[in-house]
Amino acid sequence: MSWIPTPISRFFHRTSSPPHFYALADRWLPWLTALFLLLLGAGLYGGLYLAPADYQQGDSYRIIYVHVPAAWMSLFIYVLMAVMGAIALVWRMKLAEVMLISSAPIGAGFTFIALVTGSLWGKPMWGTWWVWDARLTSELILLFLYLGVISLYGAIEDKKAAAKAVSILALVGVVNIPIIHYSVEWWNTLHQGPTVTKIDKPSIHVSMLVPLLLMALAFKVYYLIAVLQAAKLELVRREASSQWVKNLLETKS
Amino acid sequence: MSFEQFLNMGGYGWYVWPSYALTALVLLINCLSPMLQRKQLLRQLALKQKRGQR
(Lines give C-alpha, C1' and ligand atoms only; values in the text may rest on other atoms or scores of the structure.)
Protein backbone atom coordinates (compact mmCIF):
# COMPACT_ATOMS: atom_id res chain seq x y z
CA MET A 1 0.00 0.00 0.00
CA SER A 2 2.98 2.26 -0.60
CA TRP A 3 0.94 4.58 -2.81
CA ILE A 4 -1.14 5.67 0.17
CA PRO A 5 0.38 8.60 2.15
CA THR A 6 1.91 7.43 5.44
CA PRO A 7 -0.37 9.29 7.91
CA ILE A 8 -3.46 7.85 6.22
CA SER A 9 -2.18 4.29 6.07
CA ARG A 10 -1.01 4.61 9.67
CA PHE A 11 -4.49 5.81 10.65
CA PHE A 12 -6.13 2.81 8.99
CA HIS A 13 -3.62 0.44 10.46
CA ARG A 14 -4.24 1.74 13.96
CA THR A 15 -8.02 1.98 13.69
CA SER A 16 -8.24 -1.51 12.29
CA SER A 17 -6.23 -3.07 15.11
CA PRO A 18 -8.76 -5.07 17.16
CA PRO A 19 -8.22 -3.52 20.64
CA HIS A 20 -8.28 0.00 19.23
CA PHE A 21 -11.42 -0.70 17.24
CA TYR A 22 -13.11 -2.30 20.25
CA ALA A 23 -12.45 0.79 22.39
CA LEU A 24 -13.57 3.08 19.57
CA ALA A 25 -16.85 1.15 19.23
CA ASP A 26 -17.48 1.52 22.96
CA ARG A 27 -16.95 5.26 22.73
CA TRP A 28 -19.28 5.67 19.72
CA LEU A 29 -22.16 3.41 20.73
CA PRO A 30 -23.94 5.72 23.23
CA TRP A 31 -23.94 8.62 20.73
CA LEU A 32 -25.15 6.44 17.91
CA THR A 33 -27.94 5.05 20.11
CA ALA A 34 -29.09 8.56 21.04
CA LEU A 35 -29.04 9.65 17.39
CA PHE A 36 -30.96 6.53 16.36
CA LEU A 37 -33.71 7.07 18.95
CA LEU A 38 -34.05 10.72 17.91
CA LEU A 39 -34.36 9.91 14.19
CA LEU A 40 -36.68 6.99 14.89
CA GLY A 41 -38.97 9.09 17.11
CA ALA A 42 -39.19 11.89 14.54
CA GLY A 43 -39.71 9.45 11.67
CA LEU A 44 -42.47 7.51 13.43
CA TYR A 45 -44.24 10.67 14.57
CA GLY A 46 -44.11 12.11 11.06
CA GLY A 47 -45.06 8.88 9.32
CA LEU A 48 -47.78 7.52 11.57
CA TYR A 49 -49.33 10.75 12.82
CA LEU A 50 -48.48 13.88 10.84
CA ALA A 51 -48.51 12.53 7.28
CA PRO A 52 -51.97 12.38 5.68
CA ALA A 53 -53.55 9.16 4.42
CA ASP A 54 -52.88 8.29 0.78
CA TYR A 55 -55.68 9.24 -1.60
CA GLN A 56 -55.66 5.78 -3.18
CA GLN A 57 -54.27 3.44 -0.53
CA GLY A 58 -55.69 5.02 2.62
CA ASP A 59 -53.64 4.32 5.73
CA SER A 60 -52.25 1.02 4.44
CA TYR A 61 -49.46 2.92 2.68
CA ARG A 62 -47.93 3.72 6.10
CA ILE A 63 -46.20 0.34 5.85
CA ILE A 64 -43.87 2.22 3.49
CA TYR A 65 -42.03 3.73 6.47
CA VAL A 66 -40.61 0.35 7.46
CA HIS A 67 -40.83 -1.48 4.13
CA VAL A 68 -38.85 0.86 1.89
CA PRO A 69 -36.04 1.76 4.36
CA ALA A 70 -35.62 -1.97 5.15
CA ALA A 71 -35.47 -2.82 1.44
CA TRP A 72 -32.90 -0.05 0.85
CA MET A 73 -30.81 -1.35 3.74
CA SER A 74 -30.99 -4.92 2.40
CA LEU A 75 -29.29 -3.73 -0.81
CA PHE A 76 -26.93 -1.25 0.88
CA ILE A 77 -25.58 -3.79 3.39
CA TYR A 78 -24.97 -6.38 0.69
CA VAL A 79 -22.95 -3.90 -1.38
CA LEU A 80 -20.96 -3.01 1.75
CA MET A 81 -20.31 -6.71 2.35
CA ALA A 82 -18.99 -7.11 -1.20
CA VAL A 83 -16.67 -4.12 -0.65
CA MET A 84 -15.42 -5.62 2.63
CA GLY A 85 -14.97 -8.93 0.82
CA ALA A 86 -12.78 -7.24 -1.82
CA ILE A 87 -10.72 -5.49 0.88
CA ALA A 88 -10.36 -8.74 2.82
CA LEU A 89 -9.21 -10.62 -0.29
CA VAL A 90 -6.77 -7.97 -1.54
CA TRP A 91 -5.25 -6.65 1.70
CA ARG A 92 -6.01 -9.52 4.09
CA MET A 93 -7.42 -6.96 6.50
CA LYS A 94 -8.78 -8.82 9.52
CA LEU A 95 -11.26 -6.10 10.43
CA ALA A 96 -12.81 -6.24 6.94
CA GLU A 97 -13.49 -9.95 7.43
CA VAL A 98 -15.02 -9.26 10.83
CA MET A 99 -17.24 -6.46 9.48
CA LEU A 100 -18.34 -8.62 6.53
CA ILE A 101 -19.47 -11.53 8.67
CA SER A 102 -20.96 -9.21 11.32
CA SER A 103 -23.09 -7.49 8.67
CA ALA A 104 -24.67 -10.66 7.29
CA PRO A 105 -27.34 -11.34 9.98
CA ILE A 106 -28.33 -7.65 9.99
CA GLY A 107 -28.73 -7.66 6.21
CA ALA A 108 -30.69 -10.90 6.38
CA GLY A 109 -32.94 -9.29 9.01
CA PHE A 110 -33.66 -6.26 6.81
CA THR A 111 -34.33 -8.49 3.78
CA PHE A 112 -36.75 -10.57 5.85
CA ILE A 113 -38.50 -7.39 7.05
CA ALA A 114 -38.77 -6.08 3.47
CA LEU A 115 -40.30 -9.37 2.28
CA VAL A 116 -42.82 -9.81 5.10
CA THR A 117 -43.94 -6.17 5.30
CA GLY A 118 -44.26 -6.22 1.50
CA SER A 119 -46.49 -9.22 1.85
CA LEU A 120 -48.58 -7.47 4.52
CA TRP A 121 -48.90 -4.48 2.18
CA GLY A 122 -49.58 -6.58 -0.90
CA LYS A 123 -52.51 -8.45 0.60
CA PRO A 124 -54.86 -5.45 0.96
CA MET A 125 -53.55 -3.58 -2.10
CA TRP A 126 -52.87 -6.28 -4.71
CA GLY A 127 -55.16 -8.93 -3.23
CA THR A 128 -52.34 -11.44 -2.78
CA TRP A 129 -49.61 -12.15 -0.23
CA TRP A 130 -47.06 -13.18 -2.83
CA VAL A 131 -46.40 -13.26 -6.57
CA TRP A 132 -43.41 -14.76 -8.33
CA ASP A 133 -42.55 -11.53 -10.11
CA ALA A 134 -39.09 -10.12 -10.74
CA ARG A 135 -38.84 -7.75 -7.77
CA LEU A 136 -40.11 -10.18 -5.16
CA THR A 137 -38.18 -13.15 -6.50
CA SER A 138 -34.84 -11.31 -6.74
CA GLU A 139 -35.30 -9.99 -3.17
CA LEU A 140 -35.98 -13.56 -2.00
CA ILE A 141 -32.73 -14.65 -3.71
CA LEU A 142 -30.98 -11.89 -1.75
CA LEU A 143 -32.26 -13.44 1.49
CA PHE A 144 -30.81 -16.79 0.41
CA LEU A 145 -27.48 -15.10 -0.40
CA TYR A 146 -27.34 -13.64 3.12
CA LEU A 147 -28.23 -17.00 4.65
CA GLY A 148 -25.64 -18.62 2.40
CA VAL A 149 -22.92 -16.28 3.71
CA ILE A 150 -23.90 -17.01 7.31
CA SER A 151 -24.01 -20.79 6.96
CA LEU A 152 -20.88 -20.99 4.78
CA TYR A 153 -18.91 -19.08 7.42
CA GLY A 154 -20.28 -21.33 10.14
CA ALA A 155 -19.56 -24.51 8.21
CA ILE A 156 -15.81 -23.98 7.63
CA GLU A 157 -13.80 -24.69 10.76
CA ASP A 158 -10.68 -22.70 9.82
CA LYS A 159 -11.83 -19.08 10.14
CA LYS A 160 -9.20 -17.78 7.70
CA ALA A 161 -10.44 -20.11 4.96
CA ALA A 162 -14.05 -19.37 5.95
CA ALA A 163 -13.50 -15.62 5.59
CA LYS A 164 -11.98 -16.13 2.15
CA ALA A 165 -14.87 -18.30 0.94
CA VAL A 166 -17.42 -15.84 2.30
CA SER A 167 -15.64 -12.87 0.65
CA ILE A 168 -15.83 -14.60 -2.72
CA LEU A 169 -19.52 -15.46 -2.24
CA ALA A 170 -20.30 -11.86 -1.27
CA LEU A 171 -18.51 -10.58 -4.39
CA VAL A 172 -20.20 -13.03 -6.75
CA GLY A 173 -23.65 -12.39 -5.28
CA VAL A 174 -23.40 -8.66 -5.88
CA VAL A 175 -24.66 -9.17 -9.47
CA ASN A 176 -28.09 -9.67 -7.90
CA ILE A 177 -28.16 -6.08 -6.59
CA PRO A 178 -28.68 -4.21 -9.91
CA ILE A 179 -31.15 -6.94 -10.90
CA ILE A 180 -33.26 -6.14 -7.82
CA HIS A 181 -33.00 -2.40 -8.37
CA TYR A 182 -33.93 -2.41 -12.06
CA SER A 183 -36.36 -5.35 -11.86
CA VAL A 184 -39.36 -3.00 -11.81
CA GLU A 185 -38.15 -1.34 -15.02
CA TRP A 186 -36.82 -4.33 -16.96
CA TRP A 187 -39.78 -6.59 -16.34
CA ASN A 188 -43.49 -6.01 -16.15
CA THR A 189 -44.17 -6.50 -12.45
CA LEU A 190 -46.95 -6.04 -9.94
CA HIS A 191 -44.56 -4.08 -7.73
CA GLN A 192 -44.76 -0.33 -8.28
CA GLY A 193 -41.93 1.54 -9.96
CA PRO A 194 -39.53 3.87 -8.17
CA THR A 195 -41.27 6.81 -6.51
CA VAL A 196 -38.46 8.38 -4.51
CA THR A 197 -35.25 8.03 -6.52
CA LYS A 198 -36.60 10.15 -9.36
CA ILE A 199 -34.82 13.13 -7.78
CA ASP A 200 -35.98 15.65 -10.37
CA LYS A 201 -39.64 14.95 -9.81
CA PRO A 202 -40.40 12.49 -6.99
CA SER A 203 -44.00 11.35 -7.11
CA ILE A 204 -44.45 11.52 -3.35
CA HIS A 205 -45.54 14.54 -1.32
CA VAL A 206 -43.08 16.26 1.03
CA SER A 207 -45.16 15.47 4.14
CA MET A 208 -44.81 11.78 3.26
CA LEU A 209 -41.24 11.98 1.95
CA VAL A 210 -39.62 13.62 5.00
CA PRO A 211 -40.62 10.86 7.48
CA LEU A 212 -39.50 8.27 4.93
CA LEU A 213 -36.04 9.84 4.71
CA LEU A 214 -35.89 10.14 8.52
CA MET A 215 -36.69 6.44 8.87
CA ALA A 216 -34.08 5.60 6.22
CA LEU A 217 -31.48 7.57 8.20
CA ALA A 218 -32.59 5.92 11.45
CA PHE A 219 -32.11 2.48 9.86
CA LYS A 220 -28.62 3.49 8.64
CA VAL A 221 -27.63 4.49 12.18
CA TYR A 222 -29.22 1.29 13.51
CA TYR A 223 -26.99 -0.69 11.14
CA LEU A 224 -23.92 1.01 12.61
CA ILE A 225 -25.05 0.16 16.15
CA ALA A 226 -25.85 -3.46 15.35
CA VAL A 227 -22.72 -4.06 13.27
CA LEU A 228 -20.51 -2.64 16.03
CA GLN A 229 -22.17 -4.93 18.58
CA ALA A 230 -21.74 -7.95 16.32
CA ALA A 231 -18.14 -6.99 15.49
CA LYS A 232 -17.28 -6.68 19.20
CA LEU A 233 -18.55 -10.23 19.74
CA GLU A 234 -16.67 -11.59 16.71
CA LEU A 235 -13.43 -9.88 17.76
CA VAL A 236 -13.56 -11.37 21.26
CA ARG A 237 -14.40 -14.77 19.76
CA ARG A 238 -11.47 -14.69 17.33
CA GLU A 239 -8.92 -13.22 19.70
CA ALA A 240 -9.99 -14.95 22.90
CA SER A 241 -6.40 -15.91 23.75
CA SER A 242 -4.80 -12.56 22.88
CA GLN A 243 -3.36 -10.15 25.42
CA TRP A 244 -5.89 -7.36 24.85
CA VAL A 245 -8.85 -9.65 25.60
CA LYS A 246 -7.06 -10.76 28.78
CA ASN A 247 -6.63 -7.11 29.74
CA LEU A 248 -10.31 -6.57 29.01
CA LEU A 249 -11.23 -9.40 31.37
CA GLU A 250 -9.09 -7.94 34.12
CA THR A 251 -10.62 -4.47 33.87
CA LYS A 252 -14.08 -6.02 33.99
CA SER A 253 -13.57 -8.18 37.06
CA MET B 1 -58.34 11.73 15.97
CA SER B 2 -59.13 9.32 18.81
CA PHE B 3 -56.74 6.62 19.94
CA GLU B 4 -59.05 3.90 18.60
CA GLN B 5 -59.12 5.57 15.20
CA PHE B 6 -55.35 5.72 15.28
CA LEU B 7 -55.11 1.99 16.05
CA ASN B 8 -57.68 1.20 13.39
CA MET B 9 -55.55 2.83 10.63
CA GLY B 10 -58.56 3.36 8.38
CA GLY B 11 -59.38 -0.35 8.55
CA TYR B 12 -55.82 -1.45 7.74
CA GLY B 13 -54.66 -1.84 11.35
CA TRP B 14 -54.19 -5.59 10.98
CA TYR B 15 -51.71 -4.99 8.17
CA VAL B 16 -49.94 -1.86 9.43
CA TRP B 17 -49.26 -2.78 13.07
CA PRO B 18 -47.92 -6.31 12.48
CA SER B 19 -45.48 -4.75 9.97
CA TYR B 20 -44.16 -2.39 12.64
CA ALA B 21 -44.13 -5.09 15.33
CA LEU B 22 -42.14 -7.49 13.15
CA THR B 23 -39.65 -4.76 12.24
CA ALA B 24 -39.15 -3.86 15.92
CA LEU B 25 -38.73 -7.52 16.85
CA VAL B 26 -36.10 -8.30 14.18
CA LEU B 27 -34.13 -5.11 14.89
CA LEU B 28 -34.15 -5.79 18.64
CA ILE B 29 -33.00 -9.39 18.24
CA ASN B 30 -30.16 -8.43 15.89
CA CYS B 31 -28.88 -5.85 18.36
CA LEU B 32 -29.40 -7.62 21.70
CA SER B 33 -28.29 -11.12 20.71
CA PRO B 34 -24.60 -10.21 20.07
CA MET B 35 -24.55 -8.14 23.29
CA LEU B 36 -25.81 -11.06 25.37
CA GLN B 37 -23.57 -13.58 23.61
CA ARG B 38 -20.52 -11.38 24.24
CA LYS B 39 -21.37 -11.01 27.92
CA GLN B 40 -21.65 -14.79 28.23
CA LEU B 41 -18.40 -15.37 26.34
CA LEU B 42 -16.50 -12.87 28.51
CA ARG B 43 -17.85 -14.54 31.64
CA GLN B 44 -16.67 -17.95 30.38
CA LEU B 45 -13.24 -16.58 29.47
CA ALA B 46 -12.88 -14.90 32.87
CA LEU B 47 -13.73 -18.18 34.58
CA LYS B 48 -11.17 -20.05 32.50
CA GLN B 49 -8.53 -17.46 33.31
CA LYS B 50 -9.21 -17.77 37.03
CA ARG B 51 -8.88 -21.55 36.86
CA GLY B 52 -5.64 -21.24 34.90
CA GLN B 53 -4.09 -18.99 37.52
CA ARG B 54 -4.55 -21.51 40.32
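The values are calculated or read from the model by the stated rules, or taken from the named source; none is laboratory data. Just so we're clear, the structure is a prediction, and the values are computed from it rather than from any experiment. A quick note on method: Cβ atoms are made from the backbone with ideal geometry, for glycine too, and the neighbour counts reach across all protein chains shown.
Residues checked against (1) modelled with pLDDT of 95 or more; (2) assigned to a helix (DSSP H, G or I); (3) over 24 Å from residue A:41 (Cα atoms):
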residue: A:198; (1), (2), (3): no, no, yes
residue: A:219; (1), (2), (3): yes, yes, no
residue: A:228; (1), (2), (3): yes, yes, no
residue: A:247; (1), (2), (3): no, yes, yes
Check: Got a number for residues in the range B:1-50 being outside any helix (DSSP H, G or I) and under 26 Å from residue A:71 (Cα atoms)?
Finding: 1
Next item on the list: Could you list, in sequence order, all residues of the range B:30-44 that are surrounded by fewer than 12 Cβ atoms within 10 Å (Cβ to Cβ) and over 15 Å from residue A:234 (Cβ atoms)?
Entry: B:44
Margin query: Let me spell it out: the conditions are (1) within 13 Å of another protein chain (Cβ to nearest Cβ); (2) part of a helix (DSSP H, G or I); (3) surrounded by fewer than 18 Cβ atoms within 10 Å (Cβ to Cβ), and residue A:129 meets all of them except one. Which number is the exception?
Written below: (2)
Note to self: For the range A:237-253, give me the residue count where each residue is in contact (Cβ under 8 Å) with a residue 12 or more places away in the chain, touching a helix residue (DSSP H, G or I) at 6+ places or on another chain (Cβ under 6 Å) and within 11 Å of chain B (Cβ to nearest Cβ).
What the structure shows: 1
Check: Checking residue B:29 against (1) within 30 Å of residue A:62 (Cβ to Cβ); (2) facing chain A (nearest Cβ under 8 Å); (3) touching a helix residue (DSSP H, G or I) at 6+ places or on another chain (Cβ under 6 Å), which single condition isn't satisfied?
Finding: (3)
Note to self: Pairs needed: first member in the range A:110-123, touching a residue at least 12 places away in the same chain (Cβ under 8 Å); second member anywhere, of a type in the set (Asp, Glu); C-beta distance under 7 Å; at least 6 residues apart or different chains.
What the structure shows: A:111/A:139; A:114/A:139; A:115/A:139
Next item on the list: Scan the range A:209-229 and report the pairs whose first residue is within 15 Å of residue A:74 (Cβ to Cβ) and whose second residue is modelled with pLDDT under 95 and of a type in the set (Gly, Ala, Ser), with Cβ atoms within less than 9 Å and a gap of 6+ or a chain change.
Entry: A:215/A:46; A:215/A:47
Note to self: Within the range A:103-113, does at least one residue satisfy the condition of being surrounded by fewer than 18 Cβ atoms within 10 Å (Cβ to Cβ), under 30 Å from residue A:165 (Cβ atoms) and among the hydrophobic types (A, V, I, L, M, F, W, C)?
What the structure shows: no
Next item on the list: Looking only at the range A:68-75, decide whether some residue is surrounded by fewer than 24 Cβ atoms within 10 Å (Cβ to Cβ), in contact with a Phe, Trp or Tyr (Cβ under 7 Å, 6 or more places away or on another chain) and within 15 Å of residue A:216 (Cβ to Cβ).
Entry: yes
Note to self: I'm trying to understand the selection: among the residues of the range B:40-54, which are more than 8 Å from chain A (Cβ to nearest Cβ) and either modelled with pLDDT under 95 or touching a Cys at 6+ places or on another chain (Cβ under 9 Å) (or both)?
What the structure shows: B:43, B:44, B:47, B:48, B:50, B:51, B:52, B:53, B:54
